[in-house]
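Engineer: Please find one structure pasted underneath; my questions will follow.
Each value in this text was obtained by applying a stated rule to the coordinates, not by laboratory testing. This structure is a prediction, so every number in the text was calculated from the model and none was measured. Ideal geometry is used to build each Cβ from the backbone, glycine not excepted, and the neighbour counts take in all protein chains shown.
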């Protein structure tokens, strides 16, 4: 005769693990956040970021952490070297702007996401998310 022993225990209230919140989907959540951003941006720049950051979030979504680190270091180098081109135009405008979008996509992975340049980006639900508001002005 075979015997199987199965033990089940219910942890005391408050000690149970809460499941991780479901991510916001492949593109994360990227919304305008003009009043909460310390760094204002032009409406054209905000519109471009609203388009590019979700694409960058999707691009980075399945990468392993070492690759995310490499992408963030590359973006930081490009922004540090050519940030003025991103704002005022120049030979490296396209790559500098893309580096800013990729940097925001990497920061969206942090708890609470990121709010900068007139947008808020996050990949997991969190308290105080501007995207949770039912109405935007």
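Engineer: Pulled fully out, how much extra length does the chain show between residue 132 and residue 91, if you take 0.36 nm times their separation in residues and subtract their Cα-Cα distance? Please report the intermediate quantities before stating the final value.
Structural biologist: Numbers: separation 41, 0.36 × 41 = 14.76 nm, distance 3.88 nm.
Stretched out fully, the residue 132 to residue 91 stretch lengthens by 10.9 nm.
Engineer: Sorting 126, 24 on the 10 Å Cβ count, fewest up front, what's the list? Provide the component values of the computation, followed by the final result.
Structural biologist: On the way: 126 15, 24 20.
Listing 126, 24 from fewest to most nearby Cβ atoms yields 126, 24.
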